[in-house]
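One structure is given below, encoded as structure tokens.
The values are calculated or read from the model by the stated rules, or taken from the named source; none is laboratory data. If you're wondering where the values come from, they're calculated on a predicted model, not measured in any experiment. Cβ coordinates were reconstructed from backbone atoms using ideal geometry, including for glycine residues, and neighbour counts include every protein chain displayed. Note: accessible area is taken over every heavy atom of the protein model, side chains too, but ligands, DNA and RNA are not part of it. Shrake-Rupley method; radii C 1.70, N 1.55, O 1.52, S 1.80 Å.
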Amino acid sequence: MRIETAAVHAGTAVDEGTQAVTPPIVLSTTFARAADGGFPGGHVYTRTSNPNRGELETAMAALEGGEAATAFASGMAAVAAIFQSLAPGDRVLVPSDVYHGTVHVLRQVFQRWGLAFDLVDMADLTALDRAIGPQTRLVWIETPSNPMLRVVDVAAIAARAHAAGAVAAVDNTWATPLLQRPLDLGCDLVMHSTTKYLGGHSDVLGGIVVTRRRDAFFERLEAVQRLAGAVPSPFDCWLVRRGIRSLAARMRMHCENAEAVAQFLVGHPLVERVHYPGLPGHPGHDIARRQMRGFGGMLSFEVAGGREAAMAVAAGVEVFTRATSLGGVESLIEHRASIEGPESRTPPSLLRVSVGLESAEDLVADLHRALATLQ
Ligand SMILES: *Cc1c(COP(=O)(O)O)cnc(C)c1O
């Protein structure tokens, strides 16, 4: 089954009881036992398993090409479950521009439990070689990265992780399996914030981990999911599964629109830099072409005139909404440095854009108008 077909069908079937084409939402927390004590429906209690969660997990395992998946109540719960599957004394290598929540949970929660971590520039493979040590158990990969859209070589990093006996895990939230399949590139785990492109409509929070094998690491993840219990509700699972049905069509249009917006920005005299892997001048363009099927719907750009000019452009848009997050049908614009706080290393002149599914012409016209307010 090709990925577009799996996005529509994997894990779901016409409901046997009602012949409903769309799966029903099973809100029941508990499931009846047969007279012999068995569980003929295959479920016991919704923290442990639920039909809607099962549908989502089966679909995501199919989309990423893995054997198994565990769904969580948020992307960060999925990140935390991966770290909880390690042991005190283990070391984790994370990219220096990793999603800020990931480094914060390592610093504020997992360091106290004895998990050590190092930040590494993973675009520099010699820096990675120097940082990998005997205690390294997991190498975290995130590409394209936030908010500079840096691209790293997933296969090369996974090979180095494996040579050191470490697990290679990828935060694939920005690319989605439609554009990038890390397990095919040699990685062991793929994690998503399903809040973003998979849900696709900015109306549900969720996370998931897909593993290449139904192995010991998967069993630890499943124990964290079922015992620690940060599970998504049946309705949340249903919403994410529903979002995935249109993922292929949405990603195609996110990519097309982002390309159009990037081309417009590149030609604008008041835009100093555009960070989009689809641009031939982008430092990660060749790697992105090799490992991605499309360049995605995220980009960022730096406005001439620094922080104030960037804030003025963000204030001037009408079609874009000023908000954080990404991956929904609506276009969002965000001044990253101000949301990241005083530690931020993001240029103050940078605006990050999640390009949505509106008309590309309207999006370009909106940015054109907002940039014109600077003159
Ligand atoms: C949003 C996001 C997360 C965190 O997911 P939540 O669903 O907000 O908990 C992790 N990684 C990346 C790349 C994200 O964009």
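Those residues that are more than 15 Å from the chain's Cα centre (by Cα) and within 15 Å of Cys237 (Cβ to Cβ), I need them from the range 192-221; list them, please.
Asp203 - this is the single residue of the range 192-221 that is more than 15 Å from the chain's Cα centre (by Cα) and within 15 Å of Cys237 (Cβ to Cβ).
Given the residues Ala159, Ala216, which is the only one that is modelled with pLDDT of 95 or more, surrounded by fewer than 21 Cβ atoms within 10 Å (Cβ to Cβ) and closer than 11 Å to Val139 by Cβ?
Ala159
Among the residues of the range 1-15 satisfying the criterion of being of a type in the set (A, V, I, L, M, F, W, C) and assigned to a loop (DSSP other than H, G, I, E, B), which is most open to solvent (accessible area, probe 1.4 Å)?
Per the stated criteria, the residue is Met1.
Tell me the helices (runs of 4 or more DSSP H) entirely within the range 250-359 that contain at least 1 residues that are open to solvent by 10 Å² or more (accessible area, probe 1.4 Å), closer than 15 Å to Arg150 by Cα and not polar (S, T, N, Q).
285-291
Right, Ala77: among the hydrophobic types (A, V, I, L, M, F, W, C) and either in contact with a Pro (Cβ under 9 Å, 6 or more places away or on another chain) or touching a residue at least 12 places away in the same chain (Cβ under 8 Å) (or both) or not?
Yes; evaluated as a whole, the condition is true for this residue.
Check Leu374 against each of (1) crowded, with 19+ Cβ neighbours inside 10 Å; (2) in contact (Cβ under 8 Å) with a residue 40 or more places away in the chain; (3) not in a helix (DSSP H, G or I) and name the one condition it does not meet.
(1)
In the range 119-133, which residues are assigned to a strand (DSSP E or B) and either within 16 Å of the ligand (Cβ to nearest atom) or loosely packed, with under 14 Cβ neighbours inside 10 Å (or both)?
The answer is Leu119, and nothing else.
So in the range 162-185, with the set limited to residues that are of a type in the set (A, V, I, L, M, F, W, C) and open to solvent by 30 Å² or more (accessible area, probe 1.4 Å), which one is farthest from Asp90 (Cα to Cα)?
Across the range 162-185, the extreme among qualifying residues is Leu185.
Within the range 234-249, work out how many residues are touching an Asp or Glu at 6+ places or on another chain (Cβ under 9 Å), within 17 Å of Ile208 (Cβ to Cβ) and either surrounded by fewer than 21 Cβ atoms within 10 Å (Cβ to Cβ) or among the basic types (Lys, Arg) (or both).
Number of matching residues: 1.
Each row is one residue, and each column tells you yes or no for (1) within 16 Å of the ligand (Cβ to nearest atom); (2) farther than 23 Å from Ala175 by Cβ; (3) in contact (Cβ under 8 Å) with a residue 12 or more places away in the chain.
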{"site": "Ile287", "(1), (2), (3)": "no, no, yes"}
{"site": "Arg322", "(1), (2), (3)": "no, yes, yes"}
{"site": "Glu340", "(1), (2), (3)": "yes, no, yes"}
{"site": "Val355", "(1), (2), (3)": "yes, no, yes"}
{"site": "Glu358", "(1), (2), (3)": "no, no, yes"}
{"site": "Leu367", "(1), (2), (3)": "no, yes, yes"}
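When residues of the range 250-277 are filtered for being over 26 Å from Ala169 (Cβ atoms) and in contact with an Asp or Glu (Cβ under 9 Å, 6 or more places away or on another chain), how many remain?
6
Do you know which residues across the range 296-349 are of a type in the set (A, V, I, L, M) and touching a helix residue (DSSP H, G or I) at 6+ places or on another chain (Cβ under 6 Å)?
If the condition is that a residue be of a type in the set (A, V, I, L, M) and touching a helix residue (DSSP H, G or I) at 6+ places or on another chain (Cβ under 6 Å), then Leu299, Val303, Val313, Val317, Val319, Ile333 are the ones that fit.
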